[in-house]
Amino acid sequence: MTIERRVTRQLSVGSVRVGGDASVSVQSMTTTKTHDVDGTLAQVYSLSGAGADIVRITCNTAEAAEGLAEIVPRSPVPIIADIHFQYRLALAALEAGVQGLRLNPGNIRKPDHIRAVAREAKDRAIPIRVGVNAGSLDKDLLEKYGAPVPEALVESALYEIGLLEDEGFDLIKISVKHSNVPRMVASYRLLSEKVDYPLHLGVTEAGPPPGGLIKSVAGIASLLLDGIGDTIRFSLTTDPIEEAQAGRKLLEYLGLRERKGLDLIACPSCGRAEVDVVQVAKDAQEALEAANLPIQVAVMGCVVNGPGEAREADIGIAAGRGRGHLFIKGQVVRVVPEDEMVEALLDEARKLVEEGVDARLAAAEAGADEEALQEAALLRELQGDANQSAARRAAVAEVVQGDQ
Ligand code: SF4
């Protein structure tokens, strides 16, 4: 199933296209001091490796702007300068060669200043994000609406867009971030009805994980599933590497980006489990992540339901009595001793990536599938039928007969 995305205009942040038919991109922000060029660059590289397509860096002082002049040419990804209060720093960041600007309409308020930045950005074909934030909303709007409600955030964005458009500038992205998830979602929905500029999604000041992650996913995914959003950022109070990883994973799980790494699914375990699922899943995750294989792997606690429930996974392992049943697309291909499960999974996963599904199914151990079926039947006998199929069938039949 694919998500039908709302059509927006397209612009380019350096080499990364945003909007239109471009993939939804992942952004994150450095936490280093920008004048520390080497430290900032090291973090930019780490963020890029973790999945960030674009990195934002604060440009809060003259030294920071000078630092950008050295950082931008050495960066592996496009750099956006984050500007608050001082429009001159936006001009300095443009001179430093940044591929994008973020302006906060709540604290750069003089129309002449905004226009000056628009003219300079237009000459250089550098996009600007109008980054409205509920926490730093224009005071007049706060007074007018009494609170940072969606209408206030959208009005702030539209006012700033008007100033940019007056200068003939249209390389615009917009965000209307809120820390309250329902208000964030409502703000973007309202905005998307009024403009066709690309939208940058985020729940602002989401906080540390796991709460911050949950808030971000709730807000960002709700909109993406509605086709709204062209670029995203998780604003987490943690190492920004986690932000980039989370953003990338969310897009992969929603089918909006191709899988780059491992997707491990595992059953939650229950009374039927024949192994410590939590530990096996942890061991498998470590081994498979180190091998960097772009596949979906399932770790299931029992062979009774495991291979069937995880049929969609590329490969998986389900535990039997002291043994592991390795399966590919739901078909058991090998039976291995329990203490070799993770090693065998890694070995088969490597072969699967190299040789493909058909080749590995053809190389299945003779009788492995049959053995798993027998094991499942035996376990069902020993543990009882959790689904109580026979009793339920009988109850249904009784109801049908009662109607006759
Ligand atoms: S796969 Fe087996 S152990 Fe895991 S939740 Fe399902 S029934 Fe329970």
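The values are calculated or read from the model by the stated rules, or taken from the named source; none is laboratory data. As the structure is a computational prediction, the values presented were derived from the model and not from experiment. Using ideal geometry, Cβ is built from the backbone for each residue, glycine included, and neighbour counts are taken over all protein chains shown.
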Quiz item: Regarding Ser216, is this residue touching a Gly at 6+ places or on another chain (Cβ under 8 Å) and either more than 25 Å from Glu312 (Cα to Cα) or free of Cβ contacts under 8 Å to residues at least 60 places away in the same chain (or both)?
Solution: yes
Self-check item: Set Leu101, Leu137, Leu163: member being surrounded by fewer than 23 Cβ atoms within 10 Å (Cβ to Cβ) and either touching a helix residue (DSSP H, G or I) at 6+ places or on another chain (Cβ under 7 Å) or charged (D, E, K, R) (or both)
Solution: Leu163
Quiz prompt | Matching residues in region 250-269 - criterion: being within 16 Å of the ligand (Cβ to nearest atom) and of a type in the set (A, V, I, L, M) | solution = Leu264, Ile265, Ala266
Quiz item: Has region 235-249 got any residue that is within 16 Å of the ligand (Cβ to nearest atom) and among the hydroxyl-bearing types (Ser, Thr, Tyr)?
Solution: no
Quiz item: Do we have any residue at all in region 42-51 that's assigned by TED's automatic domain parsing to the domain that holds Ile241 and free of Cβ contacts under 8 Å to residues at least 12 places away in the same chain?
Solution: yes
Quiz item: Looking at region 187-215, which of its residues are assigned to a helix (DSSP H, G or I) and either among the hydrophobic types (A, V, I, L, M, F, W, C) or within 17 Å of Ala152 (Cα to Cα) (or both)?
Solution: Ser187, Tyr188, Arg189, Leu190, Leu191, Ser192, Glu193, Lys194, Leu213, Ile214
Practice problem: Name, by its number, the condition in (1) out of contact with any helix residue (DSSP H, G or I) (no Cβ under 6 Å at 6 or more places or on another chain); (2) assigned to a helix (DSSP H, G or I); (3) surrounded by fewer than 23 Cβ atoms within 10 Å (Cβ to Cβ) that does not hold for Ala218. | Solution: (1)
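Let's see how each residue does on (1) within 26 Å of Ser15 (Cβ to Cβ); (2) assigned by TED's automatic domain parsing to the domain that holds Ser192; (3) crowded, with 22+ Cβ neighbours inside 10 Å:
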{"position": "Pro73", "(1), (2), (3)": "yes, yes, no"}
{"position": "Ile83", "(1), (2), (3)": "yes, yes, yes"}
{"position": "Leu91", "(1), (2), (3)": "yes, yes, no"}
{"position": "Ile114", "(1), (2), (3)": "no, yes, yes"}
{"position": "Arg119", "(1), (2), (3)": "yes, yes, no"}
Quiz item: Gly308 fails exactly one of the following numbered conditions: (1) more than 28 Å from Ala246 (Cα to Cα); (2) away from the ligand (no atom under 16 Å from the Cβ); (3) in a helix (DSSP H, G or I). What is the number of that condition?
Solution: (2)
Practice problem: Report the residue count in region 278-305 for those that are away from the ligand (no atom under 14 Å from the Cβ) and without any contact (Cβ under 8 Å) to a residue 24 or more places away in the chain. | Solution: 4
Quiz item: Quick one: in region 40-67, which of the residues that are of a type outside the set (Val, Ile, Thr) and in contact with a strand residue (DSSP E or B) (Cβ under 6 Å, 6 or more places away or on another chain) is farthest from Gly247 (Cα to Cα)?
Solution: Cys59
Quiz item: Since Arg272 meets every condition but one in (1) within 14 Å of the ligand (Cβ to nearest atom); (2) surrounded by fewer than 16 Cβ atoms within 10 Å (Cβ to Cβ); (3) of a type in the set (Lys, Arg), which condition does it not meet?
Solution: (2)
Quiz prompt | Residue within region 320-337 that is assigned by TED's automatic domain parsing to the domain that holds Ala281, among the hydrophobic types (A, V, I, L, M, F, W, C), within 16 Å of the ligand (Cβ to nearest atom) and in contact with an Asp or Glu (Cβ under 6 Å, 6 or more places away or on another chain) present | solution = yes
Practice problem: Please determine, by comparing only the residues of region 124-141 that are in a strand (DSSP E or B) and free of Cβ contacts under 8 Å to residues at least 60 places away in the same chain, which one is farthest from His84 (Cα to Cα). | Solution: Ile128
